[in-house]
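Right, one structure below, let's go through it.
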Ligand SMILES: NC(=O)c1ccc[n+]([C@@H]2O[C@H](COP(=O)([O-])OP(=O)(O)OC[C@H]3O[C@@H](n4cnc5c(N)ncnc54)[C@H](OP(=O)(O)O)[C@@H]3O)[C@@H](O)[C@H]2O)c1
């Protein structure tokens, strides 16, 4: 099952394209000749990337600034895409953020906002765009999850729970879409040096986690796009992350919870 071929009337809609993994996935798709629709809050960053991609690859690159945590902004996004006359044949649900700290002492509004972006917005966009993909008999969704999807993480409980939601939703819809010409792929990176690290308040990990645990942003983006092109259900870039993911999923919680709790404290 390959990615839909590039065409003048279709686009790859990428959320969180103003930085990090989303920007790099946009570059990867641009290199493959796909027109892109770049979405995030920072319009200027999106414009710069759009100019880079249309200059380097002669692809159509649209920019829509939107706060995806707001339902009305998502309606406005969908209306703008329709006005462009573009069909979303590839959807990259990547926008998201993390945190660090125990739930009992956390900022309540921040964790609720995290669920609205990491889960609600992602679900909304997938539910908006997959029916037309199924009708056309072609389409691909990449939902950016994390190795945090594979086990609960004391110290970042809400973030890990949002990513467990993303993985579960994606795996189930991958099965639902079988035979429809449409795929859903969960991209599950381990630690990647992007703005995410400081925004999540886990900057200490850059010193505390040995280099072997980090994956380059280009490798993550390429892995996600290549995995979707092969119709894969789950992509975990990096051997160490694949081993960690399997261990996290299959070990008894009574062993993993204290281990992961200690690891998170030491790493961050
Ligand atoms: N970096 C890691 O270690 C890591 C590991 C595993 C998974 N991930 C996941 O990978 C995804 C991308 O993360 P990243 O590392 O590339 O982080 P990043 O560099 O901080 O990028 C996050 C992107 O999301 C956008 N965004 C944030 N809030 C938004 C909102 N309310 N509305 C619209 N866009 C919003 C940001 O743009 P604006 O600020 O311009 O809106 C930015 O483009 C996230 O889902 C993250 O959970 C990251």
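Any read-out appearing in this document is the output of simple, stated calculations on the displayed coordinates, not a laboratory observation. Just so it is clear, the structure is predicted and the values come from calculations on it, not from any experiment. Here Cβ is always computed from backbone atoms with ideal geometry, including for glycine, and neighbour counts include all displayed protein chains.
Find the residue count for the range 127-140, including only residues that are in contact (Cβ under 8 Å) with a residue 12 or more places away in the chain and either within 14 Å of the ligand (Cβ to nearest atom) or out of contact with any helix residue (DSSP H, G or I) (no Cβ under 8 Å at 6 or more places or on another chain) (or both). Quick ask: steps written out before the conclusion?
If we filter the range 127-140 for residues that are in contact (Cβ under 8 Å) with a residue 12 or more places away in the chain, which is where we start, we get 128-130, 132-134, 136-140.
Okay, now just the ones that are also either within 14 Å of the ligand (Cβ to nearest atom) or out of contact with any helix residue (DSSP H, G or I) (no Cβ under 8 Å at 6 or more places or on another chain) (or both), so 129, 132-134, 136-138.
So the count comes out to 7.
Table: residues versus (1) near the ligand (Cβ under 8 Å from one of its atoms); (2) in contact with a strand residue (DSSP E or B) (Cβ under 6 Å, 6 or more places away or on another chain); (3) closer than 24 Å to residue 12 by Cβ.
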{"site": "183", "(1), (2), (3)": "no, yes, yes"}
{"site": "192", "(1), (2), (3)": "yes, no, yes"}
{"site": "205", "(1), (2), (3)": "no, no, no"}
{"site": "231", "(1), (2), (3)": "no, yes, yes"}
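In the range 149-159, what residues are closer than 20 Å to residue 109 by Cα and surrounded by fewer than 23 Cβ atoms within 10 Å (Cβ to Cβ)?
Those that are closer than 20 Å to residue 109 by Cα and surrounded by fewer than 23 Cβ atoms within 10 Å (Cβ to Cβ): 154, 155, 157, 158.
Out of 51, 104, which single residue is without any contact (Cβ under 8 Å) to a residue 40 or more places away in the chain, closer than 26 Å to residue 3 by Cα, away from the ligand (no atom under 14 Å from the Cβ) and loosely packed, with under 15 Cβ neighbours inside 10 Å?
51
Checking residue 89 against (1) touching a residue at least 60 places away in the same chain (Cβ under 8 Å); (2) within 15 Å of the ligand (Cβ to nearest atom), only one condition comes out false. Which one?
That leaves (2) as the condition not met.
Taking the stated definitions as given, is residue 164 surrounded by fewer than 20 Cβ atoms within 10 Å (Cβ to Cβ) and within 13 Å of the chain's Cα centre (by Cα)?
Numbers: surrounded by fewer than 20 Cβ atoms within 10 Å (Cβ to Cβ): yes; within 13 Å of the chain's Cα centre (by Cα): yes.
Yes.
State whether the residues of the range 111-125 include one that is within 20 Å of residue 26 (Cα to Cα) and over 16 Å from the mean Cα position of the chain (by Cα).
no
For residue 99, indicate whether it is closer than 17 Å to residue 69 by Cα, surrounded by fewer than 19 Cβ atoms within 10 Å (Cβ to Cβ), within 16 Å of the ligand (Cβ to nearest atom) and under 18 Å from the mean Cα position of the chain (by Cα). Even if it seems obvious, please write down each step before you answer.
Details: closer than 17 Å to residue 69 by Cα: yes; surrounded by fewer than 19 Cβ atoms within 10 Å (Cβ to Cβ): no; within 16 Å of the ligand (Cβ to nearest atom): yes; under 18 Å from the mean Cα position of the chain (by Cα): yes.
For residue 99, the condition - closer than 17 Å to residue 69 by Cα, surrounded by fewer than 19 Cβ atoms within 10 Å (Cβ to Cβ), within 16 Å of the ligand (Cβ to nearest atom) and under 18 Å from the mean Cα position of the chain (by Cα) - is not met.
Where residues in the range 1-28 are crowded, with 24+ Cβ neighbours inside 10 Å and away from the ligand (no atom under 13 Å from the Cβ), which of them is nearest to the chain's Cα centre (by Cα)?
12
Of everything in the range 61-76, what is in contact (Cβ under 8 Å) with a residue 40 or more places away in the chain, surrounded by 18 or more Cβ atoms within 10 Å (Cβ to Cβ) and within 14 Å of the ligand (Cβ to nearest atom)? Give them in sequence order.
Within the range 61-76, 68, 69, 74 qualify.
Among the residues of the range 220-232, what is the count of those that are surrounded by 17 or more Cβ atoms within 10 Å (Cβ to Cβ) and on the phi < 0 side of the Ramachandran plot?
Filtering the range 220-232 down to residues surrounded by 17 or more Cβ atoms within 10 Å (Cβ to Cβ) leaves 220-225, 227-228, 231-232.
This time we only want the ones that are on the phi < 0 side of the Ramachandran plot, so: 220-225, 227-228, 232.
Adding up the residues that qualify gives 9.
Report those helices (runs of 4 or more DSSP H) wholly inside the range 23-121 carrying at least 2 residues which are touching a strand residue (DSSP E or B) at 6+ places or on another chain (Cβ under 7 Å). So that I can check it myself, show each step before the final result.
Working: elements: 43-57, 71-84, 108-115.
Hits in the range 23-121: 43-57, 71-84.
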